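Notes to accompany the following structure.
The values are calculated or read from the model by the stated rules, or taken from the named source; none is laboratory data. Everything numeric in this text was worked out from a predicted model, so none of it was measured. Neighbour counts are summed over all protein chains in view; Cβ atoms, including those assigned to glycine, are modelled from backbone coordinates with ideal geometry.
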Amino acid sequence: MMYVDIGSARLFFDVVGEGLNAYTLNMAPRPTLILLHGGPGYDHSTLRPYFDRYSDTHQLIYLDHRGCGRSTGKKETWNLDQWADDIAVFCKTLGVNKPIVFGQSFGGMVAMHYAARHPTEISKLILSSTAAQFRLEETVKMMRKLGGDPAAEVAHKFFSNPSKAAYETYGKVCLPLYSNPNSSTAGAFRDRAIERPEVAIHFFASEMAQMDMRQEISNITCPTLVIGGVIDPVTPPVCSQEIADSIGDNAHLHMFENCGHGPHRDNPEGAEKIMRGFLAAQT
């Protein structure tokens with residue numbers, strides 16, 4: 001297992017794919033794609049089944065955020081500023097130059113905060129099923145549409161007053177709505193994850209409710225792909241549209257029909273086609 005010590009935390013990471021292309025004359029470096037998982041409180045294993053395939057063209061680095069998965073870090077350091085700056089320190093420590101960064105859900109929040117705080121250090125950005133501002137009313141509305149009044153009430157209670165009991169109820173009632181029920185992999189991401197609910201409860205209670213990154217992400221200058229699902233109950237389509245509008249001309253928005261919270265899970269082939277096209281495009 002691989003760790004990097006960044007002072008106030010030890011970050012776990014895993015690498016898939018070569019950094020140098022052995023099949024080119026001068027062993028040219030391949031682009032690095034850093035993948036940031038959601039939660040918070042999950043780990044990188046939720047992404048592996050869907051993204052290892054990109055190692056045919058990129059070196060992949062999966063990172064567990066501080067406090068999540070196999071990474072360490074004290075509770076007082078669990079905040080977006082720290083999580084975003086961890087990416088910058090991680091890259092500097094390992095000599096990763098101008099990576100492409102993918103962020104899913106909470107990982108997207110970290111990714112866009114990182115890109116806004118360190119705009120010259122990133123080459124491309126992919127933001128999947130995420131939000132610059134949490135939309136409680138829209139979330140409750142979508143939960144009601146997909147799961148009826150019980151789901152709406154559970155979601156409202158959890159996000160308004162996060163607790164361990166509310167987290168467990170939310171997991172039973174609302175998490176199954178994250179994926180299209182017709183998807184063969186619906187909900188499977190949770191089965192393999194290291195789950196640390198205390199991180200999610202802390203973030204939702206302390207920072208997410210007041211979070212508004214719409215102004216700061218206008219500082220993002222790299223090409224950005226924003227993707228989302230039309231039936232995403234926790235970061236509904238309005239969230240993806242807000243991000244694209246806030247970033248402006250650098251952003252391209254693609255919404256996936258019949259997909260929930262993570263198009264890579266509900267439509268792996270469609271998501272791969274869009275993302276590979278974006279990754280291959282010259283800048």
Q. Could you count how many residues in segment 83-94 are more than 16 Å from the chain's Cα centre (by Cα) and buried (at least 18 other Cβ atoms within 10 Å of the Cβ)?
A. 2
Q: Please work out if Gly7 is closer than 23 Å to Arg196 by Cα, modelled with pLDDT of 95 or more and in a loop (DSSP other than H, G, I, E, B).
A: no
**Q.** Within segment 24-121, helices (runs of 4 or more DSSP H) holding 3 or more residues that are within 23 Å of Gly277 (Cα to Cα)
**A.** 48-51, 106-117
Q: Say whether the condition of being over 21 Å from Leu47 (Cβ atoms), touching a Cys at 6+ places or on another chain (Cβ under 8 Å), of a type outside the set (Ser, Thr, Tyr) and in a loop (DSSP other than H, G, I, E, B) is met by at least one residue in segment 210-230.
A: yes
Q. Which residue, of Thr77, Thr24, is within 22 Å of Arg196 (Cβ to Cβ), out of contact with any strand residue (DSSP E or B) (no Cβ under 9 Å at 6 or more places or on another chain) and among the hydroxyl-bearing types (Ser, Thr, Tyr)?
A. Thr77
Q.
Go through (1) touching a strand residue (DSSP E or B) at 6+ places or on another chain (Cβ under 7 Å); (2) under 30 Å from Gly148 (Cβ atoms); (3) touching a residue at least 60 places away in the same chain (Cβ under 8 Å) for Glu195 and report which single condition fails.
A. (1)
Q: Given the conditions (1) touching a helix residue (DSSP H, G or I) at 6+ places or on another chain (Cβ under 7 Å); (2) more than 23 Å from Glu121 (Cβ to Cβ), report the number of the one that Thr72 does not fulfil.
A: (1)
Q | Lone unmet requirement of (1) out of contact with any Pro (no Cβ under 6 Å at 6 or more places or on another chain); (2) in contact (Cβ under 8 Å) with a residue 40 or more places away in the chain; (3) farther than 15 Å from His113 by Cβ; (4) not in a helix (DSSP H, G or I) for Leu253 | A | (2)
Q.
Residues that are of a type in the set (S, T, N, Q) and either part of a strand (DSSP E or B) or over 17 Å from the mean Cα position of the chain (by Cα) (or both): does segment 260-281 have at least one?
A. no
Q) Any idea which residue in segment 31-82 is surrounded by the fewest Cβ atoms within 10 Å (Cβ to Cβ), counting only those that are of a type in the set (D, E, K, R) and within 15 Å of the chain's Cα centre (by Cα)? A) Arg48
Q: Looking at (1) in a loop (DSSP other than H, G, I, E, B); (2) within 25 Å of Gly270 (Cα to Cα); (3) modelled with pLDDT of 95 or more, find the lone condition where Pro181 falls short.
A: (3)
